[in-house]
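See below for the structure under consideration.
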Amino acid sequence: MTKVAVFVFADVGTHEGLGRVVNALEAVKQFKEARDDVRLYFDGTGPKWIHELSKKDHIAHDLFETVKDKLEGACLFCAKAFGAKDAVQECKVDLIDEKDQHIDVRKLVSNGFLIMNF
């Protein structure tokens, strides 16, 4: 079984950012459909996407809902730094504080996860 951690670093508000988050969600969907061990994380400016994707009228909302069960959470430090902490909490998504308020990427790699960044 393949083990993959998909990270969204893209920012909201640009076509490029939308393309990156949609590609990340599509990747998660593909691994999920193959019954692989896939996990979705929002890091950097990425936590801002959680609120956007939760809007029912967002173009990628349905895709987000399809893979939401694979969403592990958002980096606590980054969510605070980029003003998304409250919105992430309102969406009932975990804020991850594994290593100095960040996601412990080394732990993922040590446990055999491939890392994909979008």
Looking at the chain, what % of its DSSP beta bridges pair antiparallel, to the nearest 5?
5 percent
The chain, helix-only ellipticity at 222 nm - DSSP H runs n ≥ 4, -39,500 (n - 2.57), divided by all residues, nearest 500
-12000 deg cm²/dmol
Along its three principal axes, how long is region 1-61 when you only count alpha carbons? Whole Å, largest extent first please.
35, 24, 17
To two decimal places, what compactness ratio does the chain give when its Cα radius of gyration is scaled by 2.2 N^0.38 Å?
0.97
Rounded to the nearest Å, what's the spacing between the alpha carbon centres of region 32-49 and region 76-118? Just the number, please.
10 Å
Out of residues 5 or more away from V4 or on other chains, whose amide H comes under 5 Å of its own, with H placed 1.01 Å from N in the peptide plane?
D37, V38, R39, L114
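Just so you know, all these numbers are worked out from the coordinates, no wet-lab data involved. In this text, all values refer to a predicted model and were calculated from it rather than measured experimentally.
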